[in-house]
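Asks: Okay, handing you the structure first.
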Amino acid sequence: MDFLSCTILFAGVDTACEQRLVAELDKHGLGVRIAADGRSVFAGFDTELPGLLVVQDHLPDMSAAQLCQRLRLTSATRGIPVVVLVSEHNAAHEQEILERGADACFCTTDDPVFLIFRICALLREFGDDPAEREGAVFRQPRVSVVTAPGGVLWAWPNGADVGKTPRIVQMLRHNGEDATLVDDPDRLELSNVTAGRIQPDCIVVDLSCPAFNGLALAQTVSAFRRRSRQCTRVLGVVEHGQISAEKIRLAFNAGVDDLADSDIAPDLLIARISSLVRRKTLQDEARREEAHIESARARMALADALRRVNADLAAANRKLIDAQVKLVQSAKMASLGELAAGIAHEFNNPLAFVLAHENTVKRSMTQALQAVRQGDTVVAEAALTKGAERLASSLVGLSRLRELVASLRRFSRLEEGEFRRLDVPDAIAMVLTLLAPKLGQEIAVECQLEAPPELVCQAALVNQVVMNVVSNAADAILEKRELDRKQAGVPPARHKDRILLASFLEPAEINGAENYVLQISDTGPGVPKALQERVFEPFFTTKPVGSGTGLGLATAYGVVQAHGGSIVITNSEALGGACFTIRVPYKTGEERRGEHVI
């Protein structure tokens with residue numbers, strides 16, 4: 001027989017018996033540790049738990065029954081099987097020991113081969129699937145008795161036929177087990193627990209029944225255990241005097257966990273069956289606890305992994321928001337670079353105006369001072385009036401410069417990723433101020449802002465989106481004018497081109513909410529349908545080389561997407577050019593950080 005390699009702990013066994021049994025165990029590769037008494041047994045548990053205990057029925061400091069009771073109190077030691085050695089056969093004494101928690105009894109005068117069989121049967125593992133035992137509840141132990149007329153169990157214990165229900169079945173039911181009689185092995189239903197059937201905890205097989213082959217049935221049960229990963233126990237009963245070393249070997253190889261002689265006392269047989277059932281229940285409970293622990297560990301690992309993933313996502317989201325801010329800022333700087341010449345001209349005109357008036361005011365003040373000295377009040381008053389007029393004119397130029405500087409400062413701010421309350425008309429006015437040099441006198445901008453003035457959004461929604469769309473509309477109009485001028489026979493356009501900015505609210509398609517709509521139309525050439533989808537691609541531009549980066553409308557598209565909105569191009573029916581329609585959810589709540597990024 002092949003056996004599992006583990007440590008057997010002997011406790012309180014006399015020297016002669018110990019040497020005889022240890023020699024037999026050594027032959028089969030089973031390691032042995034020795035303890036003098038019960039206290040030594042429990043003291044050794046701090047360093048290593050044995051695979052099985054072999055205990056004398058009376059230890060120097062406690063009985064074997066007391067030791068079993070203490071073992072069953074702790075979950076760590078509850079599953080350790082215990083074999084109690086007795087000096088002589090005494091059915092009542094063996095029954096008491098088994099009822100106190102022992103798994104088997106062995107008389108020291110018997111053949112050691114039978115002890116080896118009992119030990120290896122107790123150590124045999126069946127690989128119960130924890131998932132199938134999840135959520136198990138208490139139920140009565142179920143025992144199936146397989147026998148038929150002519151078998152030793154059918155007329156057990158005194159050889160008298162008791163009719164349709166053998167005495168052993170009646171005794172098991174009286175003991176609290178859910179006992180059933182199986183008189184035909186083919187009717188013994190063995191299936192996985194997932195099939196919805198409750199399988200027996202122990203099967204008592206009549207190995208001496210002429211109606212069937214008991215060992216073959218035990219092999220069938222053993223195959224079922226391997227297939228279904230259940231640890232159903234098997235107890236075999238043979239006729240009196242048939243237990244031998246060869247019979248034990250055949251029974252163990254067939255999957256039998258315990259062998260009993262038909263001459264066994266009834267109460268002792270019931271106690272041994274209960275011991276097998278208890279052993280199975282303890283193993284089931286231990287595996288359920290292990291499954292719960294593993295499940296808890298898996299949940300903790302999953303929660304920890306989820307926390308790490310959430311932290312990584314938050315970090316990635318922050319990086320994306322920072323990238324959006326930098327991209328918008330870069331696009332703004334590019335826009336300012338394109339407008340640099342016009343803005344410089346806007347600065348130069350009022351500045352030159354102020355400098356020119358500065359000399360005039362200086363001369364007027366000198367002339368007024370001389371007139372006062374000469375007593376000519378009329379000339380002094382005229383000079384002072386002229387100087388005041390020039391100072392007033394200079395103040396207009398300086399106010400224009402201040403307005404341009406304020407617009408540049410607001411446009412260049414870095415808080416483009418923040419969601420906050422924005423005064424849309426004021427932001428549009430600032431953008432148009434910066435675009436004024438580019439629009440010149442040939443393009444008129446009209447505003448029909450019917451939507452509420454305040455919108456919770458990113459400043460980039462106006463600073464970048466409106467700036468890029470209006471700037472592109474102005475470029476398209478100017479290119480069209482230049483093309484018309486170059487074509488023969490086409491006189492210069494006398495009408496004034498227009499760009500129309502409109503805002504209004506419209507019902508959203510879902511949730512009954514509203515969309516804030518910005519619509520920008522122009523009188524330019526429009527955008528061909530083949531290019532209407534491509535204009536939002538990064539680095540795509542229809543402008544000559546060196547005149548555009550292809551990032552303006554791509555950035556505008558990303559900003560609108562960050563608001564959960566949309567931007568589309570159509571042909572303007574009213575003005576004939578392109579029409580950009582921007583829709584974003586209308587929110588009036590408190591300031592918040594945007595959840596969407598480019």
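Asks: Give the residue that is modelled with the highest pLDDT, with candidates limited to residues of the stretch 570-598 that are surrounded by fewer than 19 Cβ atoms within 10 Å (Cβ to Cβ) and assigned to a strand (DSSP E or B).
Replies: Top of the filtered list is THR581.
Asks: Whether any residue in the stretch 74-84 is without any contact (Cβ under 8 Å) to a residue 60 or more places away in the chain, under 22 Å from GLY236 (Cα atoms), out of contact with any Leu (no Cβ under 6 Å at 6 or more places or on another chain) and in a loop (DSSP other than H, G, I, E, B) is what I want to check.
Replies: No; the residues of the stretch 74-84 include none that is without any contact (Cβ under 8 Å) to a residue 60 or more places away in the chain, under 22 Å from GLY236 (Cα atoms), out of contact with any Leu (no Cβ under 6 Å at 6 or more places or on another chain) and in a loop (DSSP other than H, G, I, E, B).
Asks: Next up: In this structure, is LYS280 assigned by TED's automatic domain parsing to the domain that holds GLY159, touching a Pro at 6+ places or on another chain (Cβ under 9 Å) and more than 19 Å from HIS93 (Cα to Cα)?
Replies: yes
Asks: Before we move on, is ASP261 among the acidic types (Asp, Glu) and loosely packed, with under 15 Cβ neighbours inside 10 Å?
Replies: Yes: the conditions hold for ASP261.
Asks: Can you tell me which residue within the stretch 202-257, out of those that are over 15 Å from VAL146 (Cα atoms) and aromatic (Phe, Trp, Tyr), is surrounded by the fewest Cβ atoms within 10 Å (Cβ to Cβ)?
Replies: PHE224
Asks: Identify all residues within the stretch 264-304 that are crowded, with 19+ Cβ neighbours inside 10 Å and polar (S, T, N, Q); write none if there are none.
Replies: Once the filter is applied, which keeps residues that are crowded, with 19+ Cβ neighbours inside 10 Å and polar (S, T, N, Q), the stretch 264-304 yields SER274, SER275.
Asks: Those residues that are part of a loop (DSSP other than H, G, I, E, B) and touching a strand residue (DSSP E or B) at 6+ places or on another chain (Cβ under 9 Å), I need them from the stretch 221-241; list them, please.
Replies: Hits for the stretch 221-241 are THR232, GLU239, HIS240, GLY241.
Asks: Then there's this: Taking the stretch 23-64, which residues are small (Gly, Ala, Ser) and closer than 18 Å to VAL113 by Cα?
Replies: The answer is ALA23, GLY29, GLY31.
Asks: Identify, from the list ASP57, ASP46, ASP14, the residue that is buried (at least 18 other Cβ atoms within 10 Å of the Cβ) and of a type in the set (D, E, K, R).
Replies: Matching residue, one of ASP57, ASP46, ASP14: ASP57.
The values are calculated or read from the model by the stated rules, or taken from the named source; none is laboratory data. Since we're looking at a predicted model, the values are computed, not measured. Counting neighbours? That spans all protein chains shown, and the Cβs are built from the backbone with ideal geometry, glycine included.
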